[in-house]
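Before any comments, here is the structure.
The values are calculated or read from the model by the stated rules, or taken from the named source; none is laboratory data. Keep in mind it's a predicted model, so treat the numbers as computed, not measured. Glycine gets a Cβ as well: all are built from the backbone with ideal geometry, and neighbour counts include every protein chain shown. We work out accessible area using only protein heavy atoms, side chains counted, and drop any ligands, DNA or RNA first. Shrake-Rupley method; radii C 1.70, N 1.55, O 1.52, S 1.80 Å.
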Amino acid sequence: MEFSLLGPVAVTTGAGELPLGPAKRRSVLALLLLQPNTTVPLEQLIDSLWEDEPPEHARTVVQGHVSRLRATLAEGGAAAYGIELTTHGSAYLLRLPEELIDAHRFGELVALARPEAAPGDAVPLLREALGLWRGPALTGTVTSPPFAAAAHALEERRLTAVEALARAHGALGEHEQAAAILYSAAVNHPLREGLIAALMRALFRAGRQSDALEWFHRTRRLLNEELGVDPGERLSGAYEEILRAEREGAAGAKGATASRGAGQGRPEAGGAAGPGQAPVRGGATGPAAPGARDGGAGRAAPRLLPRPPARFLGRDRQLAALTDALTDHTTGESPLAVVVGPAGVGKTACAVQWAHLHASAFPDGQLFADLRGFGEGDEAPAAEILRDFLLALGTPPERVPGSAQAASALFRSLVAERRMLVVLDNARSSAQVRPLLPGGPRCATVVTSRSRLDGLVATDCARPVGIQVLGHEEGAALLGAMLGPDRVAEDPAAARELVDLCDGLPLALRAAAAQLTARPRWRLARLAAALRDEQRRLALLSAEDTGIAAALRMSVARLSADDARLLSALAKSADGHLNASVAAALAGYDPERTQDGLDRLAEMHLVDEEATDVYTISTLTQLFARDEKDGRGAPGGDGSGK
């Protein structure tokens, strides 16, 4: 029997993983595992499980979870491993051999490693320790501060081990391996100055001076933009150290050149390259790309995916469709799938979840970009995205082409023989996507968009994967994952009504859950009653900068003025069901103009064409269009679509 904290909280036996139940039960187990063989007071469990004021029956809830955990462990044969969950007054004790906990084994392996004194022995020890991690620590627990702090502490220990492994490789003179190990961690923790400083030194010692300096300037910009501060002592020290070494190297090279005399110029094209540089081809030199297939063992592949979506549920059919579309290499073409659906339906979450589940099928890296097709401001230019991709692939900044066309060609060339996944999120049009598509037959691309992107289907054989709203059962399950199943089980009828009032949109349901999380004493029925007020519904289904109104605003902002006015006219429909004739009468448009507008609105998923000449508009879209028409932000614009 093994207990996992370094990733999803889990208990595994020879027969498989034990069913641990809801998040609070997993959280109880996690807290006991974080303090093994130590009594944990009931009050500490209650304080950790509920971020706000706990309910009156909190003690009973915790006692029930402990009872079910005890039964689950017993069914898994815990006694044979010397495992016992006991009660001591108003406290609990999980007695077990600590080596059964992955976090304990991780700590022991790291403690045994001596990166500087015995680097050859430290490398396998640290690699084994880091191999125990299966994702973000304590995944599946509640989101209260105590668990966030515990997860952060474990992540800090992981990063310390990553840095120690890099030091061990550095002590062995394996600076490329050290840089590869630090690269992924630096991408995921771009403001961790000590980590960036270590990466800079490893890159410099590998002969990749320009890459090292680029990391300094990138981090300095981020520190200024995100925190309003300048680089600290460690980052500045690494930068000055590299500059000083470059000046000393330049002075030495100048003296050596003078001693050789004229007539011994630089190597001709195709001659030997300097340390860390790719061989010269046509006079172009530069550091080799991380992950490039140039024979450099241990080079890091770019891992640019955002974190896995929290509390992701269901979507099995869509995930299976993505697997079918993106793992079919029989055609000899680069597979392409387009995840489409209305605003707030969870397209990005589905695409990112699939990408994490199948990351191992793309060992040469995963790239991600938000194309901002339906965001505030202008969409992301292709040249900007391609620059980020090329830098992630190790292209020196000075070798990134200025034009999108040339950058696109270089990108396709670099990934032609690699197994890579490209995730292009929030696309507005097919034309925006095409320059970013890889050409290699072993690469795969998944695009998300509110538009159907029929052009990609026609010219690039994209496979569309539609995402629909949630039904009652799925919507209630999402509320249960966000709020805890006990709170939802108290009033299943109110949960069903909330799903209806949110039109089954995951974004709206998550916003509703945020309202209830902030008001722990509210029953679901109270929020449902508040949402019945159509004047308040959109406001209540918002959480800071996240909400269904903000998402719809971005869709409507991309419409022409004519189509925006048509949408406002459709909002007058009594029940949201209409045909082209009714729509024409409401809008005052001629039939042809109306039909064209309805087709564009359907393509943008602002209306749904259920059957031939049968259209529906969701309640939330109606409410939004009415609000906009009443002067709370006029829909559309000057016809530019921006």
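Quick notes
- Matching entry among Ser555, Ser573 (being in contact (Cβ under 8 Å) with a residue 40 or more places away in the chain, closer than 27 Å to Ala512 by Cβ, crowded, with 22+ Cβ neighbours inside 10 Å and of a type outside the set (A, V, I, L, M, F, W, C)): Ser555
- Tally, over segment 218-243, of residues that are of a type outside the set (A, V, I, L, M), loosely packed, with under 12 Cβ neighbours inside 10 Å and in a helix (DSSP H, G or I): 5
- Some residue of segment 352-369 being over 25 Å from Leu559 (Cα atoms), in contact (Cβ under 8 Å) with a residue 40 or more places away in the chain and of a type in the set (D, E, K, R): yes
- The listed residue being surrounded by 15 or more Cβ atoms within 10 Å (Cβ to Cβ) and more than 17 Å from Trp133 (Cα to Cα), out of Pro8, Pro97, Pro19, Pro54: Pro54
- For segment 176-200, a residue qualifies if it is open to solvent by 20 Å² or more (accessible area, probe 1.4 Å) and either aliphatic (A, V, I, L, M) or farther than 18 Å from Thr395 by Cα (or both), and the qualifying residues are Ile181, Val187, Asn188, His189, Pro190, Leu191, Arg192, Glu193, Ala198.
- Thr141 being within 29 Å of Arg311 (Cα to Cα), open to solvent by less than 20 Å² (accessible area, probe 1.4 Å) and hydroxyl-bearing (Ser, Thr, Tyr): yes
Yes or no, residue by residue, for (1) polar (S, T, N, Q); (2) assigned to a helix (DSSP H, G or I); (3) at pLDDT below 90; (4) open to solvent by 60 Å² or more (accessible area, probe 1.4 Å):
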site	(1), (2), (3), (4)
Leu598	no, yes, no, no
Leu606	no, no, no, no
Leu620	no, yes, no, no
Pro635	no, no, yes, no
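- Any hit, segment 93-106, residues being over 30 Å from Pro520 (Cβ atoms), part of a helix (DSSP H, G or I) and free of Cβ contacts under 8 Å to residues at least 60 places away in the same chain: yes
- When segment 553-595 is filtered for residues that are closer than 24 Å to Glu534 by Cα, not acidic (Asp, Glu) and not in a helix (DSSP H, G or I), the ones remaining, listed by number, are Ala571, Lys572, Ser573, Ala574, Gly576, His577, Leu578.
- Residue within segment 201-217 that is open to solvent by 60 Å² or more (accessible area, probe 1.4 Å), out of contact with any Phe, Trp or Tyr (no Cβ under 6 Å at 6 or more places or on another chain), over 29 Å from Glu128 (Cβ atoms) and not basic (Lys, Arg) present: yes
- Top-ranked residue in segment 513-533 [being surrounded by fewer than 14 Cβ atoms within 10 Å (Cβ to Cβ) and touching a residue at least 60 places away in the same chain (Cβ under 8 Å); ranked as farthest from Asp503 (Cα to Cα)]: Arg521
- Scan of segment 77-89 for residues that are under 18 Å from Pro41 (Cα atoms) and open to solvent by 70 Å² or more (accessible area, probe 1.4 Å), ordered by number: Glu84, Thr87, His88, Gly89
- Residue match in segment 537-549 (condition: touching a residue at least 24 places away in the same chain (Cβ under 8 Å), within 22 Å of the chain's Cα centre (by Cα), more than 24 Å from Gly140 (Cα to Cα) and in a helix (DSSP H, G or I)): yes
- Per this entry, Asp627 is not counted among residues that are under 24 Å from Ser430 (Cα atoms) and either surrounded by 15 or more Cβ atoms within 10 Å (Cβ to Cβ) or at pLDDT below 90 (or both).
- Filtered residues of segment 159-181 (kept if without any contact (Cβ under 8 Å) to a residue 60 or more places away in the chain and among the hydrophobic types (A, V, I, L, M, F, W, C)): Leu159, Ala161, Val162, Ala164, Leu165, Ala166, Ala168, Ala171, Leu172, Ala178
- Search result, residues across segment 59-76 that are open to solvent by 90 Å² or more (accessible area, probe 1.4 Å) and free of Cβ contacts under 8 Å to residues at least 12 places away in the same chain: Thr60
- Verdict on Leu501 being under 18 Å from Phe368 (Cβ atoms) and among the aliphatic types (A, V, I, L, M): no
- Extreme residue, farthest from Ala168 (Cα to Cα), among residues of segment 107-132 that are outside any loop (DSSP other than H, G, I, E, B) and touching a residue at least 40 places away in the same chain (Cβ under 8 Å): Gly107
- Positions within segment 464-495 being surrounded by fewer than 19 Cβ atoms within 10 Å (Cβ to Cβ) and charged (D, E, K, R), in sequence order: Glu473, Glu474, Asp486, Glu490, Asp491
- Val614 aliphatic (A, V, I, L, M), open to solvent by 50 Å² or more (accessible area, probe 1.4 Å) and modelled with pLDDT of 85 or more: yes
- So Ala103, is it closer than 21 Å to Ala185 by Cα, out of contact with any helix residue (DSSP H, G or I) (no Cβ under 7 Å at 6 or more places or on another chain) and small (Gly, Ala, Ser): no
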